[in-house]
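These notes are about the structure you will find just below.
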Amino acid sequence: MNRILCILLILLLILPLQGCKFKDIDLKLFVMAVGIDEAENNPNKLSVTLKIAIPQGDPKKAEEQVQIITEEGDTIAEIVRVMKSRIDKELDFGHCKAVLFGEKYARKNIREAADWTMRRRDIQLTIYTAVARPSAKEVLNVQPVTERIPANSILLALSKDGTESPFIVPPAFAYVLQRRIDERGADPILALVEKKSDQEFLINKSYLFDKSKAVTELEPEETRIYNLLSLKNLKTSLNVDYQGLKYAYNIEKSSAKYKIITPTNGTPYIEYKIKILAEVEESHSGDIFNEKLLRDLSAAAGNQLNERVERTLSKIHQAKCDPLGWGLRYQSRHWNNSEEWKEWEDLSERLEFHVKCDVDIKYTGMVR
Amino acid sequence: MRGSQHKKESDNLLQCIGEKLSKSTDLEQRSLGTSDQQVNLIYLKSVSHSATVNRFVISPFFEMKDEKGFEEYIASFPGSKPSHDIKEILELLLGGHVGIFFSDNKVYLFDAVRVEAGSVADAQTEVIVQGPSDSFNESLEVNLNLIRRRYQSSDLKAETTTIGHKSKTKIAIVYDETRIEPEVLKELKKRLDGISVDILQAAAELDKYLSGNKYRLFPTTIVTERPDRAVFNISEGKIVLLVDTTGFAVVLPAVFNDFFTAMDDKLQVLPVGWFLKGIRYLGLILTVLLPSFYVAFTSYNPEVWKVQIALLVAGSRATVPYPSYVEVLIMLLMMEFLTEASLRLPKAIGPTATTVGGLILGTAATEAGLVSNIMIILVSAVAISNFVIPLNMMGFTIRVVKYPFILLATLFGLLGIVLGLVGVIMYLCSLRSFGKPYFKIFGIDRVRITNSQKERENG
Amino acid sequence: MVKNKYFYYLFLINALINVVNFVPRGLIAQRFSGAMMAIVISVPIGLLLMYLCIKMMSKFPGEGIPEIFNANYPKPVTKFMLFGHTLLWYIAGLITLIAFVDVTMRYITSDVSPLLIMVGFLVVVCLAIRVTAESILYALEVVIIINVPIIIYVLFKALLNPMFSWDAVMQVITYSLKAPSYGSISYATFIFTGYLNLAVFNRAFKKIRVRHIWMIGVVGFLVLIASVLIPIGYQGTIGVERHVYPWFSTADVLRTKNFIVERVLFFFYFTYLTLSLVSSIVHWHVALEMLKGVFLTEEKKKRKIDPEWWMILAFCIVAFFAMRTNQFFRDRAGLLFLDIRLAAEFFLIASVYLAYKRREAKKRE
């Protein structure tokens, strides 16, 4: 009996220990997205915008409520502390899913912001990063009508869980961003989110980074080609001109492989081999397809795609960025560890691109 | 001269017993016959069968008219026993025998035990869908009969002993000689000898005394009312204790897994059996961990959930005026009250209690904003999954086990739950049921032993 | 007495727990200077030590190191050796616990004070180390059987993720031809150290015999490769260095759509916390038994409080002091422990061999 009393007493003594920091879910505010900008008036200061979800009791009502707050200061951490005195509940970054860098800020340097996202314990490593135009604050203020959970639409778009647009680059999670900033022979590439109106945003471009600095913007077309090169089975359709008429084909399967080839004498080049299995989606000719037409169309599509890919690749190359990780690939295939990086730096200057697109349009769709 | 001396001794005995049993209205003392051929009868009306006495003792006496012949007649009955020891006589009288004192100073105890037991009824606490539905009743003989009929082997042994200074409860140790492990039997007998209680009225009580440690949390013996379970376990090399007057049997040694086996499992097709077993373990995990997970997630780790659920919980908890663990405790206690109430209520009122408690209380509580919607779902899930466990002993244990987990979750969050789990696993593994490990993930060891024994038996 | 299969569990628990015990960190720090080669070399070394240890211990069926030493060595030597082993095993368990307090603080609940977390760990561990070796082995089996499917799930999830950079992995593999340092070999051989727990757990085995020892080699090699290369595939060849706990960062990278719980980190945390606790229980059980071998060699006197409790109290007090160290000191201490450990392993096996020789000599007389 004494033993039981002792145990009960100990339990009673332990209970107050938890009281101090115990915070229930209803006393927390969930930050859904963070936007980081340069301060409007002072380029040395930062401006942070938080998009906060306000939970509602009735799940059947589908109206979302958000609070957006912006604050300026020297460091992100400082700004967040200041914000805490503007709200009634504890900020929780555990559900934060996106960090947007304002375009101006991204062009300067995103290193400290990337570091903050990696270092803070409650921010997940799988947070999405993207560049926002004109600024992160304005993009976060966009309220799409289809949105049911605050900031969810941006997430769904960036993660490709929702829409599968071919113009959105593969998700740049915080850890991918950091890894590419650190890695020798790979550079980050981030999607660009633009504000179109108060209820709509547009994601179809991307930003090439030189390590932590945004350098060049890729146009929608180039972004799509980048996706074709970096992803397997990209879901998109491409146009082809054949004998003056327009056709469009839908990609069923696609794969891109490359090899870095360094001939002993002669310029080094990267050989891209792209294999596409497709079906006709649209035809402006009105003719009934036959085998020959399909074959010719495939060949024409391959040639035209060659050109487009080469144009995109040379643009990327000219920007001196490496979003596809060629440098890493070169190093990983060479065993002379001490010289390989020098070699690569040397030969990447005069790199050429050979692209072989093998488009196979196999089906004509539901009609011939 | 000698005769009269004997006479006197026998009378003394009778008188002595009469005194011991005085102030009992059910004492019956009769003298039969003439003055020189006098036979005295003494018995307790309440435990002896009066019709038997009339028919097999009194009537033959008057038909025979010869005391010698009558004595031989009585001695030839299977249940009759001569005795002179006053203690033994007294015990047997209390047990329902009739004491017959002959004039030549012989005392016979005639078996006329009246057993008041219901007929073999359907199982109440361990209901199954298919398979035999009879259950043990309060009579040891009937119970032994139920087992013997199902296990017709000369290897089946049934030793009896008594426990309880006052209750003198008869206990039969039933086992298959070739299959048990002798150490277990030895251990059991040692422990049975060590039991010193006045009254033993239920098999579950025996289970409590046998296992030694008072503060033990999990049952280490199975208490069952199903003869088929008893027989199955005997064939598995276990020992069954039949307790007279209780209607339940104790099976030992038990392992954790046994408590999650229903007798239907044997009847099912194999994959279905696995599925059912899987469901039970899932139910176990749910009922123990759900409330504590709720506390841990709402209070410490809301980031574990997907956003949608986190917002939903946060929203539904907005009006709740106390921390999550208080909310959980209130609702769980409510549920326990409900279970207890409907358990003890007469069958006619039972459903009313559930309706009032479950439906009206739950809905009203959420409407009033005293508990969150999610909480109601959770509590009902906990309650339902608790009832999945086929054996009640384990079910009751599990009902208790979830509270420490809630405490741990309030103190440590998710970490506390994991700590608790490791603690429980360590605890279960350190338990022994009569020297056998109680919790092992593979019960294969035991099966193999029985297989090799089966081969040996077959020659 | 338990079956020989429990030996595999003793191996597995150490192999799996390496992830928290600084092994990946030590190897990753040397990924460009011989870590890969160390992994390859560690397999034969580990297997050889394991084989020798099993061979030696099978000469003493049902006996632990304390009994063997006490019977075959002079008293001061025995006490000294046993005390040294106590320290090593104690530290092995302590490192796991402290690392996990840290992990919990970083990834799971920063709301609970680290002291309270430690109290929680110590209560579970200290109550558990007093039970019999057999019980611990049974618990070990249960925990491993529950957790291995989760680990396999996490591994598959990790390897099938399109974000996994095989180029980064290949880049590190091209550094395989560098000569390894003693340090990296000792980190890598930690994987195989589980067999050493036989020192006390041999009491539960009838006569230890292990079949398919090559299988242990294969599993150990795969575990090592996975625990070094998977973080590199996710965090990059350079960036991986940034992470304090590379494996927990890696688990945080993974997500699943199929459960209410989205982040694989929590499954991983659950798995590794249970494994760590059990591993600490195993290590401290050995430490406790060794310590008992130092102090309780005489016939047991009836005391009011079991002297075991004083030892456990000492364990706890030291643990609280160890909590005061900082992150970098712990890293160094953890790696230093791994270094010393390998040497101590050789020493232990040699001393058992010597004990065997002495016993044989005594028998001949």
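The values are calculated or read from the model by the stated rules, or taken from the named source; none is laboratory data. Everything quoted here is computed from the prediction, not taken from an experiment. Counting neighbours? That spans all protein chains shown, and the Cβs are built from the backbone with ideal geometry, glycine included.
Sort out which residues of segment B:372-407 are surrounded by fewer than 23 Cβ atoms within 10 Å (Cβ to Cβ) and within 14 Å of chain C (Cβ to nearest Cβ), and write them in order of number. If the condition is that a residue be surrounded by fewer than 23 Cβ atoms within 10 Å (Cβ to Cβ) and within 14 Å of chain C (Cβ to nearest Cβ), then B:374, B:377, B:378, B:381, B:404, B:407 are the ones that fit. Annotation note: of A:231, A:245, the sole residue that is in contact (Cβ under 8 Å) with a residue 24 or more places away in the chain, out of contact with any Lys or Arg (no Cβ under 6 Å at 6 or more places or on another chain) and farther than 22 Å from residue A:300 by Cα is A:231. The condition of being under 30 Å from residue B:268 (Cβ atoms) and at pLDDT below 80 holds for only one of B:122, B:155, B:104, B:176, that being B:122.
Condition first: part of a helix (DSSP H, G or I) and either within 22 Å of residue A:28 (Cβ to Cβ) or within 14 Å of chain A (Cβ to nearest Cβ) (or both). Can you find one or more residues in segment B:334-347 that meet it? Scanning segment B:334-347 turns up no residue that is part of a helix (DSSP H, G or I) and either within 22 Å of residue A:28 (Cβ to Cβ) or within 14 Å of chain A (Cβ to nearest Cβ) (or both).
Scanning segment A:201-216 for residues that are closer than 21 Å to residue A:185 by Cα and either of a type in the set (Val, Ile, Thr) or not assigned by TED's automatic domain parsing to the domain that holds residue A:142 (or both) yields a total of 2. Scanning segment B:82-97 for residues that are over 17 Å from residue B:167 (Cβ atoms), of a type outside the set (Val, Ile, Thr) and either surrounded by 16 or more Cβ atoms within 10 Å (Cβ to Cβ) or touching a residue at least 60 places away in the same chain (Cβ under 8 Å) (or both) yields a count of 3.
Summed over segment B:53-79, the residues that are surrounded by fewer than 17 Cβ atoms within 10 Å (Cβ to Cβ), within 17 Å of residue B:111 (Cβ to Cβ) and in contact (Cβ under 8 Å) with a residue 12 or more places away in the chain give a count of 6. Taken together, C:20, C:40 contain a single residue that is assigned to a loop (DSSP other than H, G, I, E, B) and either of a type outside the set (Gly, Ala, Ser) or within 14 Å of another protein chain (Cβ to nearest Cβ) (or both), which is C:20.
Considering segment C:80-106, the residues that are crowded, with 21+ Cβ neighbours inside 10 Å and of a type outside the set (A, V, I, L, M) include one that is nearest to the other protein chains (Cβ to nearest Cβ), namely C:104. The single condition among (1) free of Cβ contacts under 8 Å to residues at least 40 places away in the same chain; (2) touching a Ser or Thr at 6+ places or on another chain (Cβ under 9 Å) that residue A:316 does not satisfy is (1).
Being in contact (Cβ under 8 Å) with a residue 12 or more places away in the chain and charged (D, E, K, R) is a property that residue B:303 lacks.
Within segment B:286-297, at least one residue is under 30 Å from residue C:110 (Cβ atoms), touching a strand residue (DSSP E or B) at 6+ places or on another chain (Cβ under 7 Å) and not in a loop (DSSP other than H, G, I, E, B).
Checked against (1) at pLDDT 85 or above; (2) away from chain C (no Cβ under 11 Å), residue B:458 passes all but a single condition, namely (1). Pairing each residue of segment C:139-160 that is closer than 17 Å to residue C:265 by Cβ and away from chain B (no Cβ under 13 Å) with any residue that is small (Gly, Ala, Ser) and surrounded by fewer than 20 Cβ atoms within 10 Å (Cβ to Cβ), provided the two are 6+ apart or on different chains, yields C-beta distances under 7 Å for C:155/C:226. Return a yes/no flag: does segment B:268-281 have any residue that is hydroxyl-bearing (Ser, Thr, Tyr), at pLDDT below 85 and in the same structural domain as residue B:421 (by TED's automatic domain parsing). So far as segment B:268-281 goes, no, none of its residues is hydroxyl-bearing (Ser, Thr, Tyr), at pLDDT below 85 and in the same structural domain as residue B:421 (by TED's automatic domain parsing). Confirm whether residue C:165 is in contact with a helix residue (DSSP H, G or I) (Cβ under 6 Å, 6 or more places away or on another chain), within 14 Å of another protein chain (Cβ to nearest Cβ) and touching a residue at least 40 places away in the same chain (Cβ under 8 Å). The answer is yes for residue C:165.
Does residue C:173 qualify as being within 11 Å of another protein chain (Cβ to nearest Cβ) and crowded, with 21+ Cβ neighbours inside 10 Å? Against the criterion (within 11 Å of another protein chain (Cβ to nearest Cβ) and crowded, with 21+ Cβ neighbours inside 10 Å), residue C:173 does not qualify. Whether any residue in segment C:49-64 is in contact (Cβ under 8 Å) with a residue 24 or more places away in the chain, among the aromatic types (Phe, Trp, Tyr), surrounded by fewer than 21 Cβ atoms within 10 Å (Cβ to Cβ) and more than 14 Å from every other protein chain (Cβ to nearest Cβ) is what I want to check. Scanning segment C:49-64, I find at least one residue that is in contact (Cβ under 8 Å) with a residue 24 or more places away in the chain, among the aromatic types (Phe, Trp, Tyr), surrounded by fewer than 21 Cβ atoms within 10 Å (Cβ to Cβ) and more than 14 Å from every other protein chain (Cβ to nearest Cβ), so the answer is yes.
Could you tell me whether residue C:121 is assigned to a helix (DSSP H, G or I), at pLDDT 90 or above and closer than 28 Å to residue B:303 by Cα? Yes, satisfied. From the list C:187, C:234, C:195, the lone residue that is in a helix (DSSP H, G or I), more than 25 Å from residue C:137 (Cβ to Cβ) and within 17 Å of the chain's Cα centre (by Cα) is C:187. Counting only strands (runs of 3 or more DSSP E) that sit completely within segment A:97-205, those holding 2 or more residues that are touching a strand residue (DSSP E or B) at 6+ places or on another chain (Cβ under 6 Å), buried (at least 17 other Cβ atoms within 10 Å of the Cβ) and within 14 Å of another protein chain (Cβ to nearest Cβ) correspond to A:128-133. Considering B:307, B:326, B:320, the condition of being in contact with a strand residue (DSSP E or B) (Cβ under 8 Å, 6 or more places away or on another chain) and within 12 Å of another protein chain (Cβ to nearest Cβ) is satisfied by B:307 alone. Residue C:220 satisfies every condition listed in (1) within 17 Å of the chain's Cα centre (by Cα); (2) surrounded by fewer than 22 Cβ atoms within 10 Å (Cβ to Cβ); (3) closer than 25 Å to residue C:268 by Cα except (2). Residues in segment C:235-266 that are farther than 19 Å from residue C:103 by Cα and either more than 10 Å from chain A (Cβ to nearest Cβ) or buried (at least 23 other Cβ atoms within 10 Å of the Cβ) (or both): C:236, C:237, C:239, C:256, C:258, C:259, C:260, C:261. Report yes if residue B:220 is assigned to a helix (DSSP H, G or I), β-branched (Val, Ile, Thr) and either buried (at least 20 other Cβ atoms within 10 Å of the Cβ) or under 17 Å from the mean Cα position of the chain (by Cα) (or both), otherwise no. No; evaluated as a whole, the condition is false for this residue. Scoring residue A:230 on the criteria (1) within 14 Å of chain C (Cβ to nearest Cβ); (2) surrounded by fewer than 24 Cβ atoms within 10 Å (Cβ to Cβ); (3) within 17 Å of residue A:101 (Cβ to Cβ) leaves a single failure, condition (3). Within segment A:330-345, does at least one residue satisfy the condition of being within 31 Å of the chain's Cα centre (by Cα), of a type in the set (Gly, Ala, Ser) and within 14 Å of chain C (Cβ to nearest Cβ)? Scanning segment A:330-345 turns up at least one residue that is within 31 Å of the chain's Cα centre (by Cα), of a type in the set (Gly, Ala, Ser) and within 14 Å of chain C (Cβ to nearest Cβ).
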